[in-house]
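Structure record follows, encoded as structure tokens.
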Amino acid sequence: MKKYYIIFLLLTTTAEIFAGNGGPDMYGYIWKDSNEPDGPVYNWIDIDSFPGATAVKLLGDDNSRGPFLMNFDFHYYWYDVNQFWVGSNGYLLFQDGQVASPFPTFPSTFLPNDILGVCMNDLSFLNPDNPGECWYWTNANHDTLIVSWINVPFFDVIPAGFSGSNTFQVILSAVDSSITYQYNQVDPSNPVQFSNSSVGIENYAGNIGLQWPYQFSYQTPSDNFAIKFYYPSPPLATNIIDATVLSIDNPTTGAIFGVTSGAPYTLQTTVRNYSLDSVNPFNVVGKLTHPGGYSTTENLYTDTLLPAETQTISYLTELQTDTAGTYKFVCTSQLAGDIVNSNNTKKLEIVILDTTLTEMWMGYNGGSNFAGTSINWIGGSGGVTNYYIPPFYPIAITKLHYFITSLGFTDAFIARVFDDDGVQSLPFSLLDSVYVAQPNINVGSWTDVILDAPIIINSGGFYVAWDEVGESISLGCSTGDPISNRSFEEFQDVWGIYRYRETQDPMIAATVENYNFPTGFPLPDDKSISISVFPNPAGDEVNVLYNTTDSRQDNSLLITDVQGKQLQIASLGTGSGSHQRKLNVSSLNSGIYFIILMNGKEKSVQKLVIAK
């Protein structure tokens, strides 16, 4: 798994386990393990062969997949959950997120929360020949969920990329609201950080929970072992009052873009009653701070909310977009007697672009030259990306920008742009890739990457990614308020939420132009182009089917490597329609490449695998 350049060493414990039980936590949960006389009996359940068992696909390094439906309500603490996310690092989540090194003990208010730490450690599903699998299964009675991690190794810096093996599972039973962890075979610690696993549970706010074997310690369970968390009967806490601001504008409170010529924008926030009982209407303060520093505040009251009920409220004061720059909208719930303050506030970043300019900077830090921190991955490979959703279409991306904070003599980086056409709008189609060598990189200021041809975005969003090449190069991260919540990390093109997305923004930006403006690029009558490749994987020859509809433009086919280096080019001339072209690829070694159809300034990209 990729790691920060500064290695976080987690302290291991050598203490003896004198008791096979623990708790209660503040709500009343206790745990017992199979060393306790009246504890759970280890009884491994092979679910991967069960009818209806589902493999969890696309797990990689430091990512999570979901949401998946339980098909029943599971009573957890004082609320119900009915969907879950599976983490590659051996955990379950009841809200979206990603957990990576350094791993917390339980409970922890550090986001994300609502975690079941089954065997939380530095695991990996990546690289060829990795035997790791993950499956989940729910029974016909709709009262049991089992998730199993099978033969999952640790991340390692050896050539294979992994070592060791871990097989464990979690069982959720709605019959008694219990949670059982079972360990078939687990290795004691990972080979890179030499840390034991973090095992436990916590609630949605991370302020209540239990750590196994005891608070503030790490210890990997042994083989053929079980731990069971028992729902309290009765609960110790009976007067829980809590309301939370779930989100602003969109489910992740992700930053949004607007334009100075745009219509007034209605600001909305969604709140939830997490109390055990209904609550009377309460105030939710909305504070909008403008680029000039002045603020406007509005108070709105919710309706009476039942337990677990949510409500979306719209503020009467609309966002006027006359001034370009960064706005901050902060919503805070003010429920009387609220016992959890950490979830009362959310902040939304709003960036307004000046459409009177030919070139517009799309970034989340206003072009600041100050990096509050930086990021770097162990092993010299790995990367981060920012997600951008344009405020208008079509839009042309002409330049990319990266703030580098350190650089070695042999270091470099790869600037890449992806479409958001992957699963759950994650990066998938590569739109451009540029290798930036050491002599062309600025340290302590922005490095500009000018694209050979503009990338045209007609719908949805795009990702601008940074991939390190070398162990000494670092990318700056902005820690200024507000934070975009639009950043992701990747390793071998498997994407997950950036582990510090709530507090940092990777300093990556793009220069864009309005494709319709007279000062921009001419808009063809029809820009639709497409490409398909077969066979794929290919050997010595590959057939390319392509279609263009703009007969005025020159057409060409390019083959590049994953770093964007051009290896072949074939001129196709002008004309439109569907055509087929055979390319000789016998000179290419086995590996991954890209075939790019260029139609004037338009492009379509298809991945090509060479296997010999």
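So how far apart, in nm, are the two label points at T304 and S425 if each is 7 Å from Cα heading toward Cβ?
3.7
At a Cα cut-off below 15 Å, give the aspartates and glutamates reachable from K612, other chains included and same-chain residues fewer than 8 away excluded.
Within the straight-line limit of under 15 Å, K612 reaches these aspartates and glutamates: D540, E541.
Given a 1.4 angstrom probe, what's the average accessible area per residue across the chain, in square angstrom?
40
Using a cut-off of 11 Å between beta-carbons, work out the net charge of the residues near T266 (Lys and Arg +1, Asp and Glu -1, T266 not included).
In short, -2.
Quote the accessible area belonging to C331 in square angstrom, nearest 10, computed with a 1.4 Å probe and with ligands, DNA and RNA left uncounted.
Accessible area, nearest 10 Å²: 0 Å².
Of P188, Q211, V199, which is farthest along the charge dipole of the range 108-225 in the positive direction, counting Lys and Arg as +1 and Asp and Glu as -1 at C-beta?
Q211
Could you please state how large a percent of the accessible area of the chain is carbon and sulfur, counting protein chains only and using a 1.4 Å probe? Don't skip to the end; give the middle numbers.
Details: 12650 of 24650 Å².
Carbon and sulfur: 51 percent of the exposed surface of the chain.
Around V533, with a cut-off of 13 angstrom between Cβ atoms, what is the net charge of the other residues, counting Lys and Arg +1 and Asp and Glu -1? Spell out each step's value before the answer.
Details: positive: R581, K582, K607; negative: E541.
Net charge around V533: +2.
Name the residue farthest towards the positive end of the dipole of the chain from the options V434, T266, I150, assuming +1 on Cβ of Lys and Arg, -1 on Cβ of Asp and Glu, about the Cα centre.
Towards the positive end, the residue furthest out is V434.
Show the residues, 5+ positions off or on another chain, whose built amide H is closer than 5 Å to the amide H of L572.
N555, S556, L557
How much of D187 can a 1.4 Å solvent probe reach, expressed as accessible area in Å² and rounded to 10?
So the heavy atoms of D187 present about 40 Å² to solvent.
Quick one: if you stick a label point 7 Å off each Cα along the C-beta vector at N151 and T345, how many nm between them?
So the two model labels end up 5.0 nm from each other.
Please list, in chain and number order, the residues 5+ apart from I208 or on another chain whose amide H is under 5 Å from its amide H, with Hs placed from the backbone.
Sorted by chain and number, the residues that satisfy this are N203.
Using alpha-carbon positions, what is the distance between the centroids of the range 426-504 and the range 30-87, in Å?
Their Cα centres are 34 Å away from one another.
Leaving ligands, DNA and RNA out of it, rank D540, D48 by accessible area with a 1.4 Å probe, largest first.
Accessible-area ranking of D540, D48, largest first: D540, D48.
Quick one: length gained pulling W446 to N536 fully straight, 0.36 nm per residue minus the C-alpha distance?
28.5 nm
Could you tell me which of the pairs K57/K399; K57/K228; K287/K399; K57/K607; K228/K347 are separated by over 30 angstrom between their Cα atoms in the structure shown?
Correct reply: K57/K399; K287/K399; K228/K347.
Between the range 532-557 and the range 379-411, what is the separation of their alpha carbon centroids in Å?
28
Quick one: check the C-alpha center-to-center distance for the range 176-233 versus the range 91-109, whole angstrom.
Spelled out, the Cα-based centre of one part sits 12 Å from the other.
Label the range 354-505 by shape, choosing from rounded, prolate and oblate, from the square roots a ≥ b ≥ c of the eigenvalues of the Cα gyration tensor; if a/c is under 1.5 it is rounded, and otherwise prolate applies when a/b is larger than b/c, oblate when it is not.
Rounded is the answer for the range 354-505, as its axis ratio a/c remains below 1.5.
Dipole of the chain, Cα-centred, from +1 at each Lys and Arg C-beta and -1 at each Asp and Glu C-beta, to the nearest 20 debye?
Taking the Cα centre of the chain as origin, the dipole is about 900 debye.
The values are calculated or read from the model by the stated rules, or taken from the named source; none is laboratory data. What you see is a predicted model, and the numbers here were worked out from it, not measured in a lab. Positions of Cβ are backbone-derived with ideal geometry, glycine not excepted, and every protein chain shown enters the neighbour counts. Ligands, DNA and RNA are excluded from the accessible area calculation, which covers all protein heavy atoms including side chains. Shrake-Rupley method; radii C 1.70, N 1.55, O 1.52, S 1.80 Å.
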